[in-house]
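Have a look at the structure below, then the notes.
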Amino acid sequence: MHPKRLILLLFFLVAGMALFAQDTIKIMQYNLLNYGATTAGYCSESNNNTHDKDESIRTILEHVKPDIIAVNEFSMVQQLQTNFINNNLNIKGVKYWKSDDIINHIHSDIINHIFYNSNKMVLSKHSYIAAKYRDVDVYEFYFKTTTLNMGDTTKLTYVIAHLKAGTGETNASERNVTAQKIMNYLANNHSSDNVILSGDFNMYGPDEPAYYNFTQSPSYGNALLIDPIGSQVSNWGTGVFAEHYTQSTHSDGNGCAAGGGLDDRFDLILISDEVRFGNKGIRYVTDSYEAVGNDGHHYNHSVNTGYNIAVSSEVADALYTVSDHLPVTIKVTLSNPLNIDEHTQNTAFNLFVSPNPANDHVTLHYSNHEPQTITFDVMTITGHVVATSQTYSDKNANSHMINTSSLADGLYIVRMTGENGQAVYCKMMIQKR
């Protein structure tokens, strides 16, 4: 090979390695409001025009610049997926956006779907969880590295759901049935994996059974998910929560879009603690959770009423045009997969707790690669430290007991930190008898 070509190749390889080591992935969840569909006859090309929506979608995507786009209420027509990519994503010289064939086991008019940046990830599997009204879609990704060996790369399981709409106990119960199906699936297949669950959940508050099963129920142990906005959910349902509402972008309905203004948080992104704390190569970027276009000053108003300090007037108008929901975004950072030596060192702690669920005491079991002082922090799922203890540990297997009698029932995270700052995490459930 010519020396100049060799130097150029090495430059791009090194640049690619550095990019992946510092890379940020932006994830967007968006209910597109019967995109290309005439569900129940109330949405049509007159009040939900696909061409107009596409123009506005391009404006929104230019503003958000996502790498993964998870959508609800997408038409079941396969060709529309290709049109969406060609019209809105692979434009202006971009050629890397991909998707997968639609799965529609339940034969619904509207389905969930995902679009992704193929320069950064590979879709290895697309399956579904059977549900009553709409399939729950499950996508498994590998993030690309310089080796492109899928078995060695960081993995992400992405689940998209659209739960039953409507007020009242009956509809809340229907939502919970689907939530239980999702959590059973995760508990049986991905309880210790990088997992992101997003969708239009149609929940009216944190007291709904579905939310409890997603984030708190002892039945699902290590599979439980974390709401990135944490303790702020205590205000869900009030005006104090204004910046997190996603529906409706319209104060007045138009026959397709619902009215009422921004006063409901239907659209969520939940993450596993592996993603929250970066145990397996993906880490949630703190405070990156955002309801796009919600500036906290449009409670019970249309998103484009008056001046919106979160986005330009063009983007606010686009959000109003596309849907009666706002998109929700988060960011995660990636790091290169560990080599064998690093993997051995970083997983040497092998931390686990017993019993789990725990009552008044819990024993932390771990192995230690060198004699050192170990710090144990017990944290809430929002990251607040509620208990701390230290112990000096010899090399090899060790155990450490902590008193949990003062902790309320619920899910906690145990963080174990060595003297060099290296930390590992595990979940702990407290359930008093």
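The values are calculated or read from the model by the stated rules, or taken from the named source; none is laboratory data. From a predicted model like this one, the values you see are computed outputs, not experimental measurements. Counting neighbours? That spans all protein chains shown, and the Cβs are built from the backbone with ideal geometry, glycine included.
Going through SER75, SER99 one at a time, which residue ends up being under 20 Å from ALA257 (Cβ atoms) and under 24 Å from the mean Cα position of the chain (by Cα)? Reasoning before the result, please.
Numbers: SER99 fails: under 20 Å from ALA257 (Cβ atoms).
On inspection, the qualifying residue turns out to be SER75.
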Taking region 379-407 and keeping residues modelled with pLDDT of 85 or more and of a type in the set (Gly, Ala, Ser) leaves ALA387, SER389, SER405, SER406
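Is one or more of the residues making up region 88-106 closer than 30 Å to GLY205 by Cβ, at pLDDT below 95 and part of a loop (DSSP other than H, G, I, E, B)?
Of all residues in region 88-106, those closer than 30 Å to GLY205 by Cβ come to 106.
Among the residues that remain, those that are also at pLDDT below 95 are: 106.
Imposing the further condition that a residue be part of a loop (DSSP other than H, G, I, E, B) reduces the set to 106.
For region 88-106, residues closer than 30 Å to GLY205 by Cβ, at pLDDT below 95 and part of a loop (DSSP other than H, G, I, E, B): present.
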Could you list, in sequence order, the residues of region 166-180 that are closer than 21 Å to HIS113 by Cα and in contact with a Lys or Arg (Cβ under 9 Å, 6 or more places away or on another chain)?
-> ARG175, THR178
Just give me the residues in region 349-393 being out of contact with any strand residue (DSSP E or B) (no Cβ under 7 Å at 6 or more places or on another chain), surrounded by 15 or more Cβ atoms within 10 Å (Cβ to Cβ) and either in contact (Cβ under 8 Å) with a residue 40 or more places away in the chain or assigned to a strand (DSSP E or B) (or both), in sequence order.
-> THR382, GLY383
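Is it the case, given these coordinates, that TYR211 is within 21 Å of THR329 (Cα to Cα), in the same structural domain as GLU73 (by TED's automatic domain parsing) and crowded, with 23+ Cβ neighbours inside 10 Å?
Working: within 21 Å of THR329 (Cα to Cα): yes; in the same structural domain as GLU73 (by TED's automatic domain parsing): yes; crowded, with 23+ Cβ neighbours inside 10 Å: yes.
So TYR211 fits the description; yes.
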From (1) assigned to a loop (DSSP other than H, G, I, E, B); (2) under 19 Å from the mean Cα position of the chain (by Cα); (3) among the aromatic types (Phe, Trp, Tyr), pick out the condition that doesn't hold for TYR116.
-> (1)
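Going by the structure shown, is LYS4 outside any loop (DSSP other than H, G, I, E, B) and at pLDDT 90 or above? Lay out the reasoning, then the answer.
Working: outside any loop (DSSP other than H, G, I, E, B): yes; at pLDDT 90 or above: no.
No.
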Does region 34-45 contain at least one residue that is in a strand (DSSP E or B) and farther than 18 Å from SER118 by Cα?
-> yes
Pick out the one residue from ASP252, ASP295, ASP287 that is modelled with pLDDT under 95, surrounded by fewer than 21 Cβ atoms within 10 Å (Cβ to Cβ), farther than 18 Å from LEU32 by Cβ and of a type in the set (Asp, Glu).
-> ASP287
Screening GLY255, GLY306 for residues that are on the phi > 0 side of the Ramachandran plot and either in contact (Cβ under 8 Å) with a residue 60 or more places away in the chain or among the acidic types (Asp, Glu) (or both) leaves only GLY255
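Would you mind finding the one in LEU123, LEU163, LEU89 that is closer than 29 Å to GLY281 by Cα, in the same structural domain as GLU55 (by TED's automatic domain parsing) and buried (at least 19 other Cβ atoms within 10 Å of the Cβ)?
Working: LEU123 fails: buried (at least 19 other Cβ atoms within 10 Å of the Cβ); LEU163 fails: closer than 29 Å to GLY281 by Cα.
Every option except LEU89 fails the conditions.
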Tally, over region 203-225, of residues that are closer than 17 Å to ARG276 by Cβ, assigned to a helix (DSSP H, G or I) and among the polar types (S, T, N, Q) | 2
Go through the residues of region 165-174 one by one and say whether even a single one is in contact (Cβ under 8 Å) with a residue 40 or more places away in the chain and part of a helix (DSSP H, G or I).
-> yes
Within region 397-425, the residues that are part of a loop (DSSP other than H, G, I, E, B), crowded, with 19+ Cβ neighbours inside 10 Å and in contact (Cβ under 8 Å) with a residue 40 or more places away in the chain are THR404
Single condition GLU243 does not satisfy, out of (1) under 21 Å from ASN112 (Cβ atoms); (2) in contact (Cβ under 8 Å) with a residue 40 or more places away in the chain; (3) of a type in the set (Asp, Glu) = (1)
Say whether the condition of being more than 18 Å from ASN235 (Cβ to Cβ), under 13 Å from the mean Cα position of the chain (by Cα) and not in a loop (DSSP other than H, G, I, E, B) is met by at least one residue in region 284-292.
-> yes
All conditions in (1) under 25 Å from ASN86 (Cβ atoms); (2) touching a Gly at 6+ places or on another chain (Cβ under 9 Å); (3) not charged (D, E, K, R) are true of VAL122 except (2)
